[in-house]
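Data block below; observations after.
The values are calculated or read from the model by the stated rules, or taken from the named source; none is laboratory data. Everything numeric here is computed off the predicted structure, so don't read it as measured data. When we count neighbours, we look across all protein chains shown, and the Cβ atoms used for this are built from the backbone with ideal geometry, even at glycine. Accessible surface areas use protein heavy atoms only, side chains included; no ligands, DNA or RNA. Shrake-Rupley method; radii C 1.70, N 1.55, O 1.52, S 1.80 Å.
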Amino acid sequence: MKDEIFDCYTEAGTLASAILKRGRAMVTVGAALLEVVEGIEQMVADEGAGLAFPLNVSFNEAAAHDTAVTGDERVFAAGDLIKLDLGVHLEGYIADTATTVDLGDHAALVSASEQALAEAIRAVRPGVTTGELGGVIQQTIEAKGFRPIANLTGHGLGQYQIHTQPSIPNIRLIGGTPLVEGMVIAIEPFATTGTGRVSDGQRIEILQQIGDRPVRMPAARRVLADISDRNGMPFARRWITDPKRDLALNTLIRAGVCYGYPVLRDQPGSMVSQHEHTLIVTAEGCIVTTA
């Protein structure tokens, strides 16, 4: 890895860690979701960095892909378990990190994903397989009396690419990809009181351009112009101000130009915790850029 790329990764990680720490302090009972999301996203811009994806803020049984909507009236309530997932990039080199804020009495569940992340990081070194990392995560979470979410994974990172190979499972798998020096990965254990699997919700607030075919609708073309500076990274529906936004986005999804990420949820009434760090695999282990 070239020194300038390494520096971008580590500087993005330092920024992401500091901003996430400041942001989690904003998540308090009675605070407005939209104000918190916009405040944290603005912190990234104020530091001269970019958002790798919209700030994910997922409540209770929701595990991922939720964020504020235009005019959002949701507030944080006593008893909520809130996941904050932040992506920061410098010149496309991404730091992806997440934490869980407990507004109730869920300390053991929060600890399960946090400890699973720590144990997985300790296991990282060249030659270890992603399946083995999944086994460490699963064993740690189950020892706490909870379930890992089997159909969510960590992932590799590339320039302007938030999800690349390899996938890092949260359960033990036979085989998997061996880690190699210089690989950049995000490990993100999810622990749940529910079924251990998430399903698609109805709402889609985060989208990503995945194709580049021509579209006839003027509003759809305007949306594509608005997101051209994303370089293929995800964006939020609320970032688009065109009056025909929703119609345009639906058209782009149907045409295969954009992909919509549904909010992912375990069963109603369950609780999910999440922790995540980005790391660079080294000859002796790893450097955690978002520590």
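Annotations for the structure displayed:
- Each Lys or Arg adds one and each Asp or Glu takes one away; over the other residues whose Cβ falls under 9 Å from the Cβ of Ala32, this sums to -2.
- Full extension of the segment from Glu73 to Glu142, taken as 0.36 nm per residue of separation minus the current Cα-Cα distance, would add 21.2 nm.
- Share of carbon and sulfur in the accessible heavy-atom surface of region 234-291 [1.4 Å probe, %]: 56
- Accessible area of region 55-137 belonging to carbon and sulfur atoms, whole % at 1.4 Å probe: 50
- Label-point separation in nm, Glu4 to Arg213, each point 7 Å along Cα→Cβ: 3.7
- If the convex hull is drawn through the Cα atoms of region 54-100, its volume per residue in Å³: 84
- Residue separation of Asn151 and Thr282 scaled by 0.36 nm, minus their Cα-Cα distance, works out to 44.4 nm of gained length.
- Taking region 140-262 and dividing mean pair separation by its residue count, relative contact order in percent (alpha carbons under 8 Å, at least six apart): 26
- The HN-Hα couplings worked out from phi for region 12-21 by the Karplus form 6.51 cos²θ - 1.76 cosθ + 1.60 (θ = phi - 60°) are 4, x, 4, 4, 4, 4, 5, 5, 5, 4 Hz, whole numbers, x standing for Gly and Pro.
- Highest GNM mean-square fluctuation among Gly13, Gly158, Gly211, for the chain modelled with Cα contacts below 10 Å: Gly211.
- Full extension of the chain between Thr129 and Trp239 gives 35.8 nm of extra length, using 0.36 nm per residue less the Cα-Cα distance.
- Kirkwood-type radius of region 127-205, with distances r between different C-alpha atoms, in Å: 13.3
- Over the residues of the chain, the helix contribution to mean residue ellipticity at 222 nm works out to -9500 deg cm²/dmol, using -39500 (n - 2.57) for each DSSP H run of at least 4.
- Between amide H atoms placed 1.01 Å from N, distances below 5 Å from Gly79 occur with Leu103, Gly104, all of them 5 or more places distant or on a separate chain.
- With loop membership from DSSP and a limit of 11 other Cβ atoms within 10 Å, the longest segment of the chain without GluC sites (Glu not before Pro) is 74-283.
- Reach of Lys83 by Cα under 25 Å, taken over lysines that are not fewer than 8 positions away in the same chain: Lys21, Lys144
- The 3J(HN,Hα) values that the Karplus relation (6.51, -1.76, 1.60; θ = phi - 60°) gives for region 80-90 are, in residue order, 5, 10, 10, 9, 10, 10, 10, x, 10, 9, 10 Hz. Gly and Pro appear as x.
- Of Met233, Met217, Met1, the order by accessible heavy-atom surface (1.4 Å probe, DNA, RNA and ligands excluded), from most exposed downward, is Met1, Met217, Met233.
- A Förster radius of 30 Å combined with the Cβ-Cβ distance from Gln165 to Asp46 puts the calculated FRET efficiency at roughly 0.35.
- The HN-Hα couplings worked out from phi for region 216-227 by the Karplus form 6.51 cos²θ - 1.76 cosθ + 1.60 (θ = phi - 60°) are 8, 5, x, 5, 5, 5, 5, 4, 4, 5, 5, 9 Hz, whole numbers, x standing for Gly and Pro.
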